[in-house]
Amino acid sequence: MDHHDSVQPPPIDLPDHDWQIPIPSPGCEICTEASARRRRAHTSGDLSAVTDHNITLRGHPHNRARAPH
């Protein structure tokens, strides 16, 4: 039987979560609705829906222009 020594790679540092929360554009009905739905999903503990609404906000045209590089 072959014996293989394995070494686990060191952990990686992930950025703070705050930068990942998209901000709705003022006056945009789509952003306002997605933000409200995200808030309700978070309140009810539905983190999958929170992620879905974050994706909607992040992919919305005005948020793509403000995305960090």
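Some points to look at:
- Between Asp5 and Leu47, the modelled label-to-label distance comes to 3.7 nm, taking each label 7 Å out from Cα in the direction of the beta carbon.
- Using a probe of 1.4 Å on the protein chains alone, the accessible area found for Thr56 is around 70 Å².
The values are calculated or read from the model by the stated rules, or taken from the named source; none is laboratory data. Since the structure is predicted, the reported quantities are computational estimates derived from the model, not experimental observations. Virtual Cβ from ideal backbone geometry, glycine too; neighbours counted across all protein chains shown. Surface areas here come from the heavy atoms of the whole protein model, side chains and all, with no ligands, DNA or RNA. Shrake-Rupley method; radii C 1.70, N 1.55, O 1.52, S 1.80 Å.
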